[in-house]
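S.K.: Structure incoming, see below.
Laboratory data are not the source of any read-out in this text; all were calculated from the coordinates shown. Everything numeric in this text was worked out from a predicted model, so none of it was measured. Note: ideal-geometry Cβ built from the backbone for every residue, glycine included; neighbour counts use all protein chains shown.
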Amino acid sequence: MRISLDCLGASREVGRSAFLLQTDRQILLDYGVKIFDQSGMPKFPSENIRPDLMLLSHAHLDHSGFIPALYKHSNIKWFATPPTEEICEILWLDSMKIMERDLPYHLSHFKRATKNFHPIPYNCPFHAGETEITFLDAGHISGAAITTLDYGGKRVCYTGDFKMGETNLHSGAKPVKDVDALIIESTYGNRDHPPRKELENQLIAEIRETVESGGTVLLPAFSLGRTQELISVIRKYDRSVPLFVDGMGKELSRIYLKYPGYLKDAKEFRKALQSVTLVSSIPDRKRATQIPGVIVTSAGMMSGGPVLNYLFNVNSESKVIFTGYCVEGTNGWKLLNEDHITKDGQDLVVDLPVEYLDFSAHAGKSDLLKFIQAANPEKVILVHGDKPELFAEELARDFGFDAIAPLLGERIEL
């Protein structure tokens, strides 16, 4: 029985994840966009496909953002966990507003996509023809899933983005065993992340030092996942520091609470969220910059959202702390590396201390290796990484795995 994989995106690159798996069905695994490209224009996977169904690992746009384009020509069913579709709706509408003409689908395709969604919880196998599919907790964001596909006595595992280490909101992914082919993200195939406890202690120390001196800690944060984790971390250590949350993360935080079964401790997160100020007006924003405290706001790479308004209105005792990766060329990257940002075509110097704390929601190199060794696959396909070919060479040389880093457009026989 033939199984093959066509690599339509996220091949030796981070972004636009899209893979077409052939079992007895044509199964599309993710269908995302690459928003931040050196060309300055978004990149998309091939539209020249006709899958029988689509499986979405999680809602981040680099995995989900091109799904509405499927509905220009078809009405196929797509499957994900219950929180994922509701989160997607918010992200898709926002991307349609921001990218406008650069995004090759329209509101009618968006509406058709939402009508063809079918929710599947974790650990509930379902079938597409003779292929059995199961979603497992990926520990990445709410609803993120590792997917196993069993067909003809063979098991294929597609990780999507995952994290094995425990965070405040998620327990972490468990390894999948007895795998024949493993399609695994390799975002951090070249390094590990610092211990999470150390990062939390450092963040809280920075907050206390800045607030005591009368300043504000500005935390540019991804609206999905990072905003919720930062709320949880800060409130775990400090219940009284003024904490303001702005941007799309407010609405996404409410969705997190709507699906408590996808959080490690929903009761604690609800309590944390009730203690923060969800910014909803200009007076709220003004007060956030006048009271020594913390502001968590989009966008994480300073590419949009309310963050630039705050950046130029906090006082001189304030500090900017990034907790997520910033793509080269974004304002976040410029601020970390060149001490300025670009606004309305002008380079503006920022005279505030800037730091970076690696609160990544991805597995680091050691956990990637741990997952691969536990799965013990006949073939490892490394995707969603900038230079996965180096990790593939290491896996083959030092551990004896048949590991490859496919090129865009390549077909792999599994």
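S.K.: Hey, rough spin-label estimate for residue 126 and residue 284, points 7 angstrom out along Cα→Cβ, what's it come to in nanometres?
M.R.: 3.5
S.K.: For a test of the definition: using alpha carbon positions, the gyration tensor, and the 1.5 limit on a/c, classify the stretch 242-330 as rounded, prolate or oblate. All intermediate terms of the calculation are to be shown ahead of the outcome.
M.R.: Numbers: a/c = 2.07, a/b = 1.39, b/c = 1.49.
Since a/c reaches 1.5 but b/c is at least a/b, the shape of the stretch 242-330 is classed as oblate.
S.K.: Find out how many positive minus negative residues lie around residue 211, taking Lys and Arg as positive, Asp and Glu as negative, among other residues whose Cβ is under 11 Å from that of residue 211. Could the numbers behind the result be given before it?
M.R.: On the way: positive: 208, 319; negative: 206, 209, 212, 238, 317.
So the environment of residue 211 carries a net charge of -3.
S.K.: Roughly how many nanometres apart are two label points built 7 Å out from the Cα toward the Cβ at residue 351 and residue 202?
M.R.: Those two pseudo-labels are separated by 2.8 nm.
S.K.: How far apart, in nm, are two points set 7 Å out from the Cα along the Cα-to-Cβ line at residue 212 and at residue 24?
M.R.: 6.7
S.K.: In addition: Rank these for me by crowding, 328, 85, 200, 251, going from fewest to most other beta carbons within 10 Å. Spell out each step's value before the answer.
M.R.: On the way: 328 10, 85 21, 200 18, 251 13.
Final ranking by Cβ density, sparse to dense: 328, 251, 200, 85.
S.K.: In terms of Cα to Cα distance under 26 Å, which lysines are near enough to residue 72, apart from those fewer than 8 places away along the same chain?
M.R.: 34, 43, 97, 111, 115
S.K.: How much net charge surrounds residue 354 when only other residues with a Cβ under 13 Å from its Cβ are counted (Lys, Arg +1; Asp, Glu -1)? Walk me through the intermediate numbers first.
M.R.: Working: positive: 319, 334; negative: 206, 338, 339, 351, 355.
Cβ neighbours under 13 Å give a net charge of -3.
S.K.: Rounded to the nearest 500 deg cm²/dmol, what is the calculated helix-only ellipticity per residue at 222 nm for the chain, with -39500 (n - 2.57) per DSSP H run of length n ≥ 4? Before the final figure, lay out the partial values.
M.R.: Details: 12 runs with 124 residues, N = 414.
One gets -9000 deg cm²/dmol as the mean residue ellipticity at 222 nm.
S.K.: With just the Cα atoms of the stretch 196-356, tell me how far they stretch along each of the three principal axes, in Å, largest first.
M.R.: In descending order, the Cα extents are 45, 35, 30 Å.
S.K.: Same structure, new question: Please work out how much length the chain gains when fully extended from residue 166 to residue 313, using 0.36 nm per residue of separation minus the C-alpha to C-alpha distance, in nm with one decimal.
M.R.: Numbers: separation 147, 0.36 × 147 = 52.92 nm, distance 3.55 nm.
Fully extending the segment from residue 166 to residue 313 adds 49.4 nm.
S.K.: Checking the cross-link filter: which aspartates and glutamates have an alpha carbon closer than 13 Å to that of residue 286, excluding same-chain neighbours under 8 positions apart?
M.R.: Straight-distance partners of residue 286: 246.
S.K.: Need one word for the stretch 78-196: rounded, prolate or oblate. Basis is the Cα gyration tensor (sqrt eigenvalues a ≥ b ≥ c); a/c below 1.5 gives rounded, then a/b vs b/c decides.
M.R.: Details: a/c = 1.95, a/b = 1.26, b/c = 1.55.
Cα axes put the stretch 78-196 in the oblate bin.
S.K.: OK, next. Which links in 236/258; 177/271; 163/197; 177/197; 267/365 stretch past 25 Å when you go from one Cα to the other?
M.R.: Values: 236/258 21 Å; 177/271 37 Å; 163/197 15 Å; 177/197 29 Å; 267/365 32 Å.
177/271; 177/197; 267/365, as the Cα separations exceed 25 Å there.
S.K.: Arrange 208, 235 by Cβ neighbour counts within 10 Å, fewest through most, would you? If you can, show how the numbers build up before the last one.
M.R.: Details: 208 14, 235 21.
By the 10 Å Cβ count, ascending: 208, 235.
S.K.: Same structure again: What dipole magnitude, in Debye to the nearest 20, does the stretch 196-356 give about its Cα centre under +1 on Lys/Arg Cβ and -1 on Asp/Glu Cβ? Write down the numbers at each step before the final one.
M.R.: Values: 20 positive and 20 negative charges, 201 e Å.
Dipole magnitude for the stretch 196-356 comes out near 960 debye.
S.K.: Just add up the charged neighbours of residue 196: K/R +1, D/E -1, any other residue whose Cβ is under 11 Å from the Cβ of residue 196.
M.R.: Computed value for this residue: -3.
S.K.: If I take all pairs of Cα atoms in the chain, what percentage of them are more than 41 Å from each other? Intermediate results must be reported in sequence, preceding the final value.
M.R.: Values: 11410 of 85491 pairs.
Tail fraction, whole percent: 13.
S.K.: Same structure, new question: Need one word for the stretch 1-98: rounded, prolate or oblate. Basis is the Cα gyration tensor (sqrt eigenvalues a ≥ b ≥ c); a/c below 1.5 gives rounded, then a/b vs b/c decides.
M.R.: Numbers: a/c = 1.83, a/b = 1.28, b/c = 1.43.
In terms of gyration-tensor shape, oblate.
S.K.: Let me ask something else. Taking the Cβ of each residue in 273, 408, 230 as the centre, tally the other Cβ atoms inside 10 Å and list the residues starting with the fewest.
M.R.: Values: 273 20, 408 15, 230 24.
By the 10 Å Cβ count, ascending: 408, 273, 230.
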